[in-house]
Amino acid sequence: MSDIAEESPFRRFLSEFAASKIALGGLIVFTIIALAAIFANWIGPQNPYDLAQLDIMDGRLPPGSKSGAGYTYLLGTDDQGRDMFSGMLFGLRISLAVGVGSAIFAACVGTTLGLLAAFFGRRTDAIIMRVVDLQLSFPSILVALMILAVLGKSVMNVVLALVIVDWAGYARNVRGIAMVERKREYIEAAACLALPWRRIMFGHLLPNCLPPLIVIATQQVARAIALEATLSFLGLGVPITSPSLGLLIANGYQYMLSGKYWISFYPGIALLVTIVSINLVGDHLRDVLNPRLKR
Amino acid sequence: MFTWLLRRLFQACFVVLAMTVIVFVGVHVIGNPVDILISPEADQAERARVIAAFGLDQPLWKQYALFLNGLLHGDLGRSFVFNEPALRLIGGRMPATLELAVTAVLMSVGFGVPLGLYAGLKPNGFIGRSIMAGSILGFSLPTFWVGLMLIMVFAVTLGWLPSTGRGETGELFGLRWSFLTWDGLRHMAMPALNLSLYNISLVLRLTRAGVRETLLMDYIKFARAKGLSPARVIFVHVLKNIMIPITTVVGLELGSTIAFAVVTESVFAWPGMGKLIIDSINVLDRPVIVAYLMMIVVIFITINLVVDILYTVLDPRVRLETKA
C-alpha cells in the first residue's frame with residue numbers, strides 16, 4: 001500500500017475532527033489532565049502519601065492558606081493535612097489508570113467474543129449473545145456491587161468488576177457491526193483464499209470494525225471512570241492506600257455539612273471535567289467516524 | 001402463547017438457579033465460609049456450633065443443597081449487626097427504597113416530558129438547545145456528585161431542605177411512608193430529584209426525538225389542515241403517540257432506578273435497602289449481603305419476565321414472531 005493512500009483518510013479524519021472547536025477543546029483539556037496525572041510526582045507541590053511531608057496541624061485549611069513549610073495550599077488541605085491539589089493529581093492518576101485500563105481489557109474481551117459470535121454464528125452466536133443479554137439486563141452498578149461484595153476491595157478487583165460490567169456492551173456492538181461486514185466481498189475473497197479463520201477474523205474483519213469500536217471505547221472510558229468513582233465513593237472501590245478521585249470525594253463528604261466544601265468539591269470538579277471532556281471527544285468522534293450512528 | 005410462557009418461566013427459574021450457584025461459589029468457595037458466616041467475636045464453642053448448624057463440615061454439594069433449602073424457606077441467616085433474620089431486615093427497608101424509586105420515576109416523566117416536548121417543538125431555539133445540552137450533563141455527571149452538590153447548595157448554603165434521613169413518616173397498610181407527611185416530603189425532595197436526573201434526561205431525549213418524528217407524519221398535517229387548535233394537535237395527536245415508547249422505557253427503568261438508589265441512599269443517608277447493603281458490605285455482614293443479592297436477582301428477573309410478557313401482549317409484531 002502506498003503512503004498516500006494510507007495517509008489521506010487519516011488526514012481527512014484529523015481535519016474533520018478539528019472542525020469542531022468544542023471537541024478539540026475537549027481533547028486538549030483531556031490531554032492536559034492525562035499529562036498532569038502521569039507527571040503528578042513532578043507537578044504536585046507535595047507527595048501526599050509521604051507521611052514525612054505532611055503536617056497534621058495543617059488539616060482542613062481553606063484554599064489559599066499558607067503551610068508551615070512556606071508554600072500555599074492552592075485548593076486547601078484535607079483532614080490529614082494533605083495538599084488537595086497534590087492529592088487530586090495522584091487521585092486522577094488512579095482514576096484514569098483504572099478507567100482506561102479496564103476499558104482496554106473489556107474492549108479486548110468483548111471484541112473477541114463479539115467477532116466470534118458474528119463469525120461463527122449459530123450456536124456460538126446464540127450462547128455468547130444469551131450471556132450478553134443476561135448481563136445487560138442487570139444494571140452496571142449492581143453487577144459491580146455483587147463482584148466487589150464477594151471479592152473484597154482492591155484496585156485489581158475494581159478493574160475486574162469494570163471489565164465484567166463493560167465487556168457485554170462491546171460484544172453486542174461489535175457483533176452488530178461485524179455481522180454487516182462479514183457479508184462483504186473482501187471477507188468472501190479471504191475465505192476463498194482459504195486463509196485460516198483467525199487471520200480472517202483479526203486481519204480482515206477486525207480492522208474494518210475499528211472506527212465504531214473506537215467511538216464505543218471512548219464512551220466506555222468515561223463510563224468506567226464514573227462507575228469507579230461511584231464505587232469508591234461508596235467505599236467498595238479502591239482501598240484507602242491508593243485513593244482515586246471518588247475516594248477523595250467520599251473523604252471530604254463528612255466535612256461538607258460543616259461548610260468545609262473544598263475537600264469534596266475540587267476532586268469532584270476534576271472528575272467532572274475529565275468525564276465531560278472525554279464525552280465531548282467521543283460525541284464528535286461518533287459524528288466524524290460513523291455518520292450512520294448519528295442520533 | 002402458553003408454551004412460550006412456560007418456556008420463559010423455565011428460563012427465568014434457570015437464571016435464578018444459576019445465580020444461586022454464582023453467589024454460593026462466591027461466598028463459600030472464594031471466600032472462607034467460616035469467616036463469612038461466623039461473627040469474628042464468636043468464641044470456640046460458638047464457632048463449632050455454627051459450623052455444625054450451617055453444615056460447613058459437610059461436602060460441598062451437600063452445603064449447596066442446604067443453602068438452596070434455606071433459600072426456599074426464606075431463611076438466609078441472621079444479620080450479625082442487627083441480630084435479625086436477614087430477609088426480614090431487608091424487607092423492612094424496602095418501602096423506603098420503593099417510594100424513593102417510584103417518586104423518582106414519576107418525576108422523570110413530570111419533568112422529562114414537558115422539557116422534551118418543548119425541545120422537540122423548538123429544536124433550534126436557545127432554550128431548546130440549552131435543554132439538550134443539560135440532558136447531556138444529566139447523562140454524564142456521576143449521580144453521587146450531583147447529590148453532593150444538591151446538599152451543598154440546598155442544605156448547607158441555603159438551608160432550605162434537610163439533607164439526611166426520611167423525616168417524619170405516616171402509616172399506610174401497616175408500613176411507614178415518607179410521602180404522607182410534609183416533613184417526609186421535604187426530606188424526599190432532594191434524593192428523589194437526584195435519583196431521577198438520569199431518567200429525566202432519558203425521557204427528555206426520547207420525547208424530543210418522538211415529537212420531531214411525529215410532527216412530520218401525515219396525520220399531524222391532516223389534523224392541522226382540519227383546523228384543529230395547535231394545543232389540541234400537540235397534546236392529543238402528538239403526545240398520545242409518543243407516550244407508548246416512553247411508558248415502556250419508564251417501566252423498564254424502574255428496576256435500574258431501584259438498583260441505582262444504592263448511590264442516592266448512601267449520599268442522603270436514606271434508610272432503604274441500598275444503604276443497608278452498602279453498610280453491610282462495609283462491616284462484612286455477610287448474611288445480609290447474600291440475602292440482598294438473591295433478592296435483587298429475583299426482583300430483576302421478575303421485572304424482565306413481566307416486561308417480556310407485556311411486550312407480547314401489547315405489541316402484535318412480537319406476538320407474531322414468537323408464533324412463527
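Worth a mention:
- Other-chain or far-sequence residues with amide H under 5 Å of A:THR77's (modelled H): A:ARG60, A:LEU61, A:MET84
- Alpha-carbon centroids, the stretch A:87-159 and the stretch B:242-304: separation in whole Å: 20
- Extension gain, B:THR247 to B:ILE22, is 77.7 nm, computed as 0.36 nm per intervening residue step minus the present C-alpha separation.
- A:TRP197-B:ALA48 pseudo-label distance in nm [points 7 Å out on the Cα-to-Cβ vector]: 5.9
- Separation in nanometres of the label points that stand 7 Å from Cα toward Cβ, at B:LEU60 and B:PHE2: 4.2
- At an R0 of 56 angstrom, the distance between the Cβ atoms of B:LEU310 and A:LEU35 translates into a FRET efficiency of 0.65.
- Averaged over peptide A:150-157, the number of partner chain Cβ atoms lying within 10 Å of each residue's Cβ comes to 3.
- Whole-number D in µm²/s for chain B (Stokes-Einstein; Kirkwood sum over Cα pairs; 4 °C, 1.567 mPa s): 57
- Spin-label model distance (nm) - A:THR241 vs A:MET156, 7 Å beyond Cα toward Cβ: 1.3
- Across the stretch A:101-118, rounded Karplus estimates of 3J(HN,Hα) from the backbone phi angles (6.51 cos²θ - 1.76 cosθ + 1.60, θ = phi - 60°) give x, 5, 5, 5, 4, 4, 4, 4, 5, x, 5, 4, 5, x, 5, 4, 4, 5 Hz, Gly and Pro being marked x.
- Two-site FRET efficiency, A:ILE127 against B:LYS226, from Cβ-Cβ distance with R₀ of 56 Å, rounded to 0.05: 0.55
- Taking Cα atoms only, the orientation of helix B:86-121 departs from the longest principal axis of chain B by about 20 degrees.
- The 3J(HN,Hα) values that the Karplus relation (6.51, -1.76, 1.60; θ = phi - 60°) gives for the stretch B:270-287 are, in residue order, 7, x, x, 4, x, 5, 4, 5, 5, 4, 5, 5, 5, 9, 6, 7, 4, x Hz. Gly and Pro appear as x.
- Tilt relative to chain B, helix B:2-24 - C-alpha long axis, 0 to 90 degrees, to 10: 50
- Counting lysine pairs in the stretch B:98-279 that sit 8 or more residues apart in sequence, or on different chains, and whose Cα atoms lie under 22 Å apart gives 4.
- When Rg and Dmax are taken over the Cα atoms of the stretch A:9-293, they come to 22.2, 75 Å.
- Residues B:VAL15, A:VAL100 ordered from highest to lowest accessible area at a 1.4 Å probe: A:VAL100, B:VAL15.
- FRET E, pair A:ILE214, A:ARG184, Förster distance 22 Å, beta-carbon r, rounded to 0.05: 0.65
- 3J(HN,Hα) from dihedral phi, the stretch B:213-228, Karplus parametrisation 6.51/-1.76/1.60, rounded to Hz, x for glycine, proline: 5, 5, 4, 7, 6, 5, 5, 6, 4, 5, 4, 5, 4, 5, x, 5
- Evaluated over the Cα positions of the stretch B:98-279, the convex hull gives a direction-averaged projected area, one quarter of its surface, of 12.3 nm².
The values are calculated or read from the model by the stated rules, or taken from the named source; none is laboratory data. Since the model is a prediction, treat every value here as computed from it, not as a measurement. Every residue, glycine as well, gets a Cβ built from its backbone with ideal geometry; the counts of neighbours run over all protein chains shown. Protein only, heavy atoms only, side chains kept; ligands, DNA and RNA dropped before computing areas. Shrake-Rupley method; radii C 1.70, N 1.55, O 1.52, S 1.80 Å.
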